[in-house]
Amino acid sequence: MKLVELYGDKVQGAIKGLDRIRFRGTLRWLANADGLGAFLHQSGVLLKDFKAWALEKTAQVRQGCARQAEVLGIPTVYLNRAGVDKDGEARRIAQERGLGEGPLCQFSVQEVCQAPAVTGNKASRKLELHYRPRKCVFVYHYFDDPHVGLGHVRLQTWIPFGVTICLNGRHWLEKQLQGAGLGYVKDGNCFPWLEDVAASQRLLDEQLQTHWPALLERLLRQACPGLERIMAPLDFSFYWSAEETEWASDVMFKEAGELEALYPKLIRHGLIVSDSPAVLRYLGKGNLSASGKLMGAQVQQIQSDCRRRYEGVRLKHWVGRNSVKAYNKAGNRILRVETTINNTRDFKVFRAPENHPEREPSWQPLRKGVADLNRRCQISDASNERYGAALAAAVVEEKLGEVACGACRRVVKDGRSHRALNPWNELDYQLLTFLGRGEWAINGFRNRDLRAVLGPGAGTESDPAQRRRLSAKATRCLSLLRAHGLIRKVSCTNRYVLSDLGRKFTTALLSASATDVKKLMELAA
C-alpha cells in the first residue's frame with residue numbers, strides 16, 4: 001500500500017487477505033416453490049400431508065445433530081433468544097472445559113427464516129405451496145478446526161435446510177503460521193507482529209487456492225452426518241456461495257505512537273475528499289443531477305459513518321450492501337482498510353456466460369458462487385489499494401504547486417497539443433472535484449457519469465441531439481485529463497480511474513478548497 005511506501009521505516013510491513021467469510025449452502029431443488037412442488041410430486045407427498053412430512057424430516061435432522069454432539073462429546077445448549085453472542089458463548093465454554101482443537105459445542109435457537117408452507121386459496125379452493133417468513137430451530141455447531149481455525153456451521157432444521165458456514169481468514173492464518181513454525185503475536189483477529197511478513201502473505205495467498213466445495217462439505221458432515229439420507233432419493237448436494245466477504249489490508253506499525261499521530265489526518269482527509277460532508281461514496285455508482293447531487297431511490301442506499309469504538313475510530317462508507325472502511329486496531333498498532341462485498345451484481349468477471357459455456361468469454365455479472373470468489377477478492381483488494389492510496393495522499397510531502405504545476409502547463413501527446421488545466425476555472429474545477437469523489441474508487445467512471453457536471457440537466461436530457469453534444473464534450477474532457485496523466489483507461493472497458501498523479505492533484509485541491517484562507521496563511525508561514 002502507499003502508506004507502506006511513505007512510512008517504510010516506521011512500519012513492519014503489511015498483509016492482505018480474507019477476514020470474515022460467510023458461505024451459504026443451498027439445495028436448489030428445495031429453495032423455491034416450483035422445485036419443491038416437483039419433488040413432492042415425484043415423492044408421492046400430497047400438499048395436505050406436507051406439514052406432517054416436513055415435521056418428520058425436521059425431527060430426523062435435529063436427532064442427527066444431537067447424536068453427533070453425543071458422539072463428539074460436546075455440550076448442547078438451547079438458547080432462549082436469538083440475540084445471544086454465540087461466538088463469545090462458544091469461547092467461554094471452550095475455556096471452561098479446557099478444549100483446544102476440535103468440536104467445541106452445539107447451540108439450538110429459534111430464528112426467523114424463509115421456509116415453505118401450505119395454505120388454502122379461497123378463490124381457487126385449492127391448497128398452494130409458497131415460501132414466506134417464519135420461525136424454525138437453527139443448530140449452530142462451533143469448532144476450532146486444525147486447518148481453518150475457529151468457525152461455525154449453522155443449519156436450518158426446516159425445509160429447505162439452508163446452511164451457513166462462517167470462517168475467518170485471520171484465524172486460518174494462525175493455524176498456518178503454527179504449522180510453518182513462524183512466530184507471531186495475535187490480538188483478536190489481527191497480528192501486531194509477525195516473524196516473517198512475506199511468508200505470512202504467501203500463506204494468506206494459499207487460502208485462495210482452496211477447493212471450497214470440498215472444504216465446506218467436510219465441515220458440514222462433521223456437524224451433521226447423514227443429511228443426504230434424509231431427502232433420498234434427492235441428490236443432496238449443496239450449491240455453495242459466498243454471502244458476505246471481508247477483505248482486509250493491515251499496515252503494521254512498529255510503534256503505537258506513529259499511527260496515533262497519523263490517524264487523525266487520515267480520518268479528516270477521508271471526510272474532505274467527498275463532495276458532501278454527510279454522504280461519502282466510495283463504492284458503486286449513483287444517478288447524479290447537474291449539481292452533483294444524488295437523485296432517486298439510491299439516496300437512501302448511500303451512507304457514511306464515522307464513529308468511535310472501543311478499539312478506536314472507524315470511518316466507513318457504503319453504497320447499498322457493499323462498503324469500504326478504515327480503522328485502527330490493536331492499541332494503535334495496526335491500520336486496517338477493509339472492503340466488504342455482499343451484493344456482487346455491482347461488479348463484473350471475465351468469463352463465458354453461465355448458460356452457454358461454449359461461447360467466447362466476456363464481462364459478465366459477478367456471481368456469489370464460490371467459482372467467482374477469486375475475482376471477488378481481486379476487486380476487494382483493488383478497492384483497498386485505491387482507498388488506502390486516497391488516504392495516503394493526505395500526507396504527501398509535496399507542495400500544492402509542485403503537484404499541480406505539470407497539469408497547469410500545455411502538453412503535447414501523440415502529436416496533439418492539449419491546453420493547460422486551470423483549477424480555478426469553473427469547468428476545470430468541476431472536472432477535478434468530480435475526479436475526487438469517492439464513488440469511483442472501485443469501478444471507475446464512464447463518459448455518461450462525467451456528463452453530470454457539464455451543464456444544466458446533463459445526464460438526464462431527453463433530446464438525443466443534446467445528449468450527443470454532451471457526450472462529445474465529455475469525450476474531449478477525458479482526452480484532456482488523460483493527456484495530463486490524471487486518469488487512465490481500464491483495459492477492455494469504457495471506464496476510467498485516477499492515476500497516482502491525479503489522486504495527489506485532486507486530494508491537494510480538495511484539501512486546499514476546504515481550508516479557510518487564514519489557516520492556509522498560517523500553514524504557509
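The values are calculated or read from the model by the stated rules, or taken from the named source; none is laboratory data. Everything quoted here is computed from the prediction, not taken from an experiment. Every residue, glycine as well, gets a Cβ built from its backbone with ideal geometry; the counts of neighbours run over all protein chains shown.
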Quiz item: Of the residues Leu72, Leu47, which single one is modelled with pLDDT of 90 or more and in contact with a Pro (Cβ under 7 Å, 6 or more places away or on another chain)?
Solution: Leu72
Exercise. Considering only the stretch 44-63, state which residues are out of contact with any Lys or Arg (no Cβ under 9 Å at 6 or more places or on another chain) and farther than 18 Å from Lys135 by Cα.
Key: Gly44, Val45, Leu46, Lys48, Asp49, Gln63
Practice problem: Kindly check whether there is at least one residue in the stretch 373-380 that is farther than 20 Å from Asp250 by Cβ, surrounded by fewer than 22 Cβ atoms within 10 Å (Cβ to Cβ) and not hydrophobic (A, V, I, L, M, F, W, C). | Solution: yes
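Kindly check whether there is at least one residue in the stretch 141-154 that is closer than 30 Å to Cys190 by Cβ, touching a Ser or Thr at 6+ places or on another chain (Cβ under 6 Å), touching a residue at least 12 places away in the same chain (Cβ under 8 Å) and charged (D, E, K, R).
Going residue by residue through the stretch 141-154, those that are closer than 30 Å to Cys190 by Cβ are 141-154.
Next, from what is left, pick out any that are touching a Ser or Thr at 6+ places or on another chain (Cβ under 6 Å): 154.
Narrowing the set further to residues that are touching a residue at least 12 places away in the same chain (Cβ under 8 Å) leaves 154.
Among the residues that remain, those that are also charged (D, E, K, R) are: 154.
Yes, some residue in the stretch 141-154 is closer than 30 Å to Cys190 by Cβ, touching a Ser or Thr at 6+ places or on another chain (Cβ under 6 Å), touching a residue at least 12 places away in the same chain (Cβ under 8 Å) and charged (D, E, K, R).
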Quiz item: Between residues in the stretch 192-217 that are farther than 18 Å from Leu150 by Cα and assigned by TED's automatic domain parsing to the domain that holds Leu177 and residues that are modelled with pLDDT under 95 and part of a loop (DSSP other than H, G, I, E, B), which pairs lie under 9 Å by C-beta distance while being six or more apart or on different chains?
Solution: Pro213/Ser237; Pro213/Phe238
Quiz item: Which condition number does Val4 fail, the rest of (1) outside the structural domain of Val137 (by TED's automatic domain parsing); (2) assigned to a loop (DSSP other than H, G, I, E, B) being met?
Solution: (2)
Quiz item: If Ile74 passes every condition in (1) without any contact (Cβ under 8 Å) to a residue 40 or more places away in the chain; (2) surrounded by 11 or more Cβ atoms within 10 Å (Cβ to Cβ); (3) more than 28 Å from Glu174 (Cα to Cα); (4) in contact with a strand residue (DSSP E or B) (Cβ under 6 Å, 6 or more places away or on another chain) but one, which one does it miss?
Solution: (3)
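From the set of residues in the stretch 484-520 that are assigned to a loop (DSSP other than H, G, I, E, B) and of a type in the set (D, E, K, R), which is modelled with the highest pLDDT? Steps first, answer last, please.
Kept after step one, since they are assigned to a loop (DSSP other than H, G, I, E, B), are these residues of the stretch 484-520: 484-486, 490-495, 499, 514-516.
Subset that is of a type in the set (D, E, K, R): 495, 516.
Values: Arg495: 86, Asp516: 53.
So the residue we want is Arg495.
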Quiz item: Which one is nearest to Ala31 (Cα to Cα), of the residues in the stretch 190-223 that are touching a strand residue (DSSP E or B) at 6+ places or on another chain (Cβ under 6 Å) and not in a helix (DSSP H, G or I)?
Solution: Cys190
Quiz item: Leu18 is checked against (1) out of contact with any Gly (no Cβ under 8 Å at 6 or more places or on another chain); (2) crowded, with 18+ Cβ neighbours inside 10 Å and fails just one. What number does that condition carry?
Solution: (1)
Quiz item: Quick one: which of Thr433, Thr460 is in contact with a helix residue (DSSP H, G or I) (Cβ under 9 Å, 6 or more places away or on another chain) and modelled with pLDDT under 75?
Solution: Thr460
Exercise. Please verify whether the stretch 110-123 includes one or more residues that are among the polar types (S, T, N, Q) and under 30 Å from Gly13 (Cα atoms).
Key: no
Exercise. Considering every residue within the stretch 336-358, establish whether at least one is aliphatic (A, V, I, L, M), touching a residue at least 12 places away in the same chain (Cβ under 8 Å) and under 29 Å from Arg314 (Cβ atoms).
Key: yes
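Can you tell me which residue is nearest to Asp19 (Cα to Cα) among those in the stretch 144-195 that are basic (Lys, Arg) and modelled with pLDDT of 95 or more? Before you say what the answer is, go through the steps one by one.
First pass over the stretch 144-195, keeping only residues basic (Lys, Arg): 154, 170, 175, 186.
Filter again for modelled with pLDDT of 95 or more, leaving 154, 170, 175.
Details: Arg154: 19, Arg170: 6, Lys175: 14 Å.
Among residues in the stretch 144-195 that are basic (Lys, Arg) and modelled with pLDDT of 95 or more, the one nearest to Asp19 (Cα to Cα) is Arg170.
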Quiz item: Only one of these conditions is not met by Leu216: (1) under 27 Å from Gln60 (Cβ atoms); (2) surrounded by 20 or more Cβ atoms within 10 Å (Cβ to Cβ); (3) in contact with a helix residue (DSSP H, G or I) (Cβ under 6 Å, 6 or more places away or on another chain). Which number is it?
Solution: (3)
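Every residue, every condition in (1) surrounded by fewer than 17 Cβ atoms within 10 Å (Cβ to Cβ); (2) at pLDDT below 75, yes or no:
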{"site": "Lys285", "(1), (2)": "no, yes"}
{"site": "Tyr310", "(1), (2)": "yes, yes"}
{"site": "Lys316", "(1), (2)": "no, no"}
{"site": "Lys325", "(1), (2)": "no, no"}
{"site": "Arg333", "(1), (2)": "no, no"}
{"site": "Glu338", "(1), (2)": "no, no"}
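May I ask you to list the residues in the stretch 156-189 that are outside any helix (DSSP H, G or I), more than 30 Å from Lys57 (Cβ to Cβ) and within 22 Å of the chain's Cα centre (by Cα)?
Taking the stretch 156-189 as the starting set, the residues that turn out to be outside any helix (DSSP H, G or I) are 156-168, 181-189.
Okay, now just the ones that are also more than 30 Å from Lys57 (Cβ to Cβ), so 168, 181-189.
Asn168, Gly188, Asn189, listed by residue number.
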